[in-house]
1. Per residue, how big is the convex hull of the range A:152-251 when only Cα atoms are used? Give it in Å³.
2. Kirkwood Rh, the range A:114-201, all Cα pairs: how many Å?
3. Report the full-extension gain for the segment residue A:98 to residue A:136: residue separation times 0.36 nm, less the Cα-Cα distance, to one decimal in nm.
4. Could you work out the relative contact order of the range A:1-64, using alpha carbon pairs under 8 angstrom and six or more residues apart, expressed as a whole percent?
5. Given the C-alpha centroids of the range A:1-58 and the range B:20-70, what is the distance between them in whole angstrom?
6. Averaged over peptide B:55-61, how many Cβ atoms belonging to another chain are found within 10 Å of each residue's Cβ?
7. What relative contact order, as a whole-number percentage, does the range B:41-163 give when Cα pairs under 8 Å and 6 or more residues apart are counted?
8. If I fit a long axis through the Cα atoms of helix A:111-123 and take the longest principal axis of the Cα atoms of chain A, what angle between them do I get, 0 to 90°, rounded to 10?
Ligand SMILES: Cc1cc2nc3c(=O)[nH]c(=O)nc-3n(C[C@H](O)[C@H](O)[C@H](O)COP(=O)(O)OP(=O)(O)OC[C@H]3O[C@@H](n4cnc5c(N)ncnc54)[C@H](O)[C@@H]3O)c2cc1C
Ligand SMILES: Cc1cc2nc3c(=O)[nH]c(=O)nc-3n(C[C@H](O)[C@H](O)[C@H](O)COP(=O)(O)O)c2cc1C
Ligand code: FES
């Protein structure tokens, strides 16, 4: 059974347009990258559920970090503590966490699934560096929480004070030879540019796109990967960046 | 329980083609519905259209999946046997790119399925598809060719894109079709105003098309064959409206994208309505 009716236990605004929601769902064993399809309302506009990553799972509590970008997320942001929420999941392939020195690159709301990954890496005593870029300092969410996980962290913003730039522009400051694996989540433009940088270790991209069913049924979420269409929702959403063919269409 | 084409179905709620994989995943749903229509099967494997393949519009979605499927051979070898094990009625949705291909696919699949649904109405492929379905002569030819190859029921899935489904429906019945299903998605488009370009062109489905689908179905009610109604059915009430308009059964499509268990809920709600006819 993947359909759950849950009660919102906590809701908090983390920035002007990013909020978090928490609910209880015991017995899950989610992995970073997995997500829920969240029902927006009981009417049919918006019609489809919205995919939202698991940003944390502690004991029995799921937390999601959501950015308001359009109609669906706007309506979702109006939900209140105590209200019920219908969610389907966890969906997406399970990611196997590798014991390798890891570089995490988050752009914007891409921080959500990578925060969950960072927590899991820490739990497994795996070394990692967290690079997180956002548009402006107030859009950097989960900052304190990330700092608690590691001191190897770089925050960067496009408008920020003395030093400005993107998650990718700060990579040049790092000694990239120490990393054995990378994980990235952010806007498509960021992933595309990162692919071109050709860093010397495999990078796994957490991909986002408009999903239909979110659970492998409709074939609506195609992504060209090593020459073949795969489903983002069921074969991903995490794919090796090298294999993604961005020209095959939007991801 | 309903009886259509002299075949018993446990209920009149079916799964529409293309929105539920091959029905192997949510087995309780596949087993619970009256029948399932498979994803469109073509003679050769097809990789489908490039993304974006799906886009949401008010109370609807536009899709351009482009009949991605493994082709009839692979379907018969690895999917159909597993599907049969679920022990439910199976209609194979057949999509040809030439008139001949329909007959070839039907022959390859053989008599081991409940029946065939001829898809002459896909709006998302360059050749064949909806072009066949707009032309009564062409549709008649396809049905006659297929008729010679199978004794199983033949349902033709009609389009309402720029043509009168009644005319096409009549041609199908005259050529030997046992039933008609309607409607397939209708042409739709969404625009990106920033880039001043279309985001997607494809087939529109969901609640947005329900009134049109109901009208099309009702238009065919005097044809003397069973009609399977679909287009935006989300609730038991929607299903009931199609039955009142003349359908013998209904199929659920887009609702499954919102909730893979939707048909089970629709069956429950419909039962209540059918028992309590005074609503
Ligand atoms: C596997 C997965 C996990 C995700 N996890 C999170 C998460 O943890 N937190 C979060 O805030 N968001 C996440 N997203 C993105 C989120 O699903 C979209 O932002 C949301 O669906 C937009 O819905 P809307 O109704 O608000 O916007 P709409 O009104 O549908 O669209 C508004 C604008 O956003 C664009 N857009 C729509 N959907 C997406 C999308 N999926 N990705 C990028 N742009 C989109 C549209 O093209 C449009 O320009 C995830 C997406 C996927 C596929
Ligand atoms: C993603 C998607 C894929 C579809 N694929 C097929 C197909 O392969 N063959 C077919 O005959 N109809 C296909 N259809 C059409 C549906 O079976 C149905 O006729 C239509 O969507 C209207 O019903 P609905 O509004 O309940 O979805 C598809 C529809 C969708 C949304
Ligand atoms: S969204 Fe339906 S298959 Fe991925």
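Read-outs throughout are calculated quantities, based only on the coordinates presented, and are distinct from any laboratory measurement. Keep in mind the model is a prediction, meaning the values are calculated, not measured. Cβ placement follows ideal geometry from the backbone for every residue including glycine, while neighbour counts extend to all protein chains displayed.
1. Looking at the range A:152-251, the number lands at 116 Å³ per residue.
2. It is 13.8 Å.
3. Length difference between fully extended and current span is 10.5 nm.
4. Relative contact order of the range A:1-64: 30 percent.
5. Going from one Cα centre to the other spans 26 Å.
6. If you average over the peptide's residues, the count of other-chain Cβ atoms is 5.
7. Working: 202 pairs, mean separation 28.3, N = 123.
Once normalised by length, the contact order is 23 percent.
8. 70 degrees
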